Amino acid sequence: MRCALGLLALVWGCGAGNGPAPDSGPPATGQLDLTWADSAGKPVRFVAPATGRWCASDSLLEIMGARRDTAVGILLLSSDTSPSGLGVGPYAVMPAKVFIPWRPRAVAAVRMAGTNAILQFESVNGQVTVTGAGPEGVSGRVELRLNASEGIDSLRVTGTFQRVRSVVASPPCGRVDKPAGG
């Protein structure tokens with residue numbers, strides 16, 4: 001799925017609802033607080049500032065956080081008919097490599113430096129539950145299963161995102177496989 005590959009690129013480069021003028025300055029930050037077990041079974045806790053970008057033309061929110069050599073991205077695809085932005089409720093996590101047109105849904109990615117290479121993980125399944133969306137930002141919890149983009153390793157990620165505020169993304173934004181204005 002091309003939007004997931006774009007999300008991976010955004011995750012490494014790190015950067016719902018209403019926001020200021022398109023991409024105007026840095027957004028107020030919320031927080032990602034996630035845990036997972038690495039391939040050796042060692043528990044990892046990832047706590048990082050989180051930022052958001054709302055793409056109104058495609059009804060999607062990108063939530064991203066980075067700390068040291070690790071970055072996490074969560075893409076929430078709201079109902080295309082939602083004029084007011086991101087809705088509260090469950091978003092089923094779908095495989096990042098497969099195009100699935102229905103909404104609401106989510107995809108996720110994690111990228112980190114390993115001992116000998118950059119490790120990339122893409123969502124397979126799980127659920128993101130948005131528990132609040134308003135002027136204070138977007139909050140919720142995640143339960144994700146991600147597989148390595150190369151190899152057989154996987155991660156089970158759980159945790160929360162709190163008060164993630166967003167800027168409005170400058171057009172063009174959103175899925176690369178969606179025609180502009182469509």
For the range 43-74, how many residues are open to solvent by less than 10 Å² (accessible area, probe 1.4 Å), modelled with pLDDT under 95 and not charged (D, E, K, R)? 5
Within the range 90-118, count every residue that is out of contact with any Pro (no Cβ under 9 Å at 6 or more places or on another chain), in a loop (DSSP other than H, G, I, E, B) and within 25 Å of residue 132 (Cβ to Cβ). 3
Selection count, the range 92-138, where residues are open to solvent by less than 30 Å² (accessible area, probe 1.4 Å), within 19 Å of residue 51 (Cα to Cα) and not polar (S, T, N, Q): 12
For the range 139-162, give me each residue that is open to solvent by 30 Å² or more (accessible area, probe 1.4 Å) and part of a strand (DSSP E or B). 141, 143, 145, 147, 154, 156, 158, 160, 162
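Results for (1) of a type outside the set (A, V, I, L, M, F, W, C); (2) at pLDDT 90 or above, shown as yes or no for each residue.
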position	(1), (2)
93	no, yes
100	no, no
116	yes, no
122	yes, yes
125	yes, yes
142	no, yes
179	yes, no
Residue 87 - would you say it is within 19 Å of residue 136 (Cβ to Cβ) and either in a loop (DSSP other than H, G, I, E, B) or charged (D, E, K, R) (or both)? yes
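The values are calculated or read from the model by the stated rules, or taken from the named source; none is laboratory data. As the structure is a prediction and not an experimental result, all values here were calculated from the model. Glycine also receives a Cβ, built like all others from the backbone with ideal geometry; neighbour counts cover every protein chain displayed. Each accessible area value is taken on the protein alone, full model and side chains, heavy atoms only, with ligands, DNA and RNA left out. Shrake-Rupley method; radii C 1.70, N 1.55, O 1.52, S 1.80 Å.
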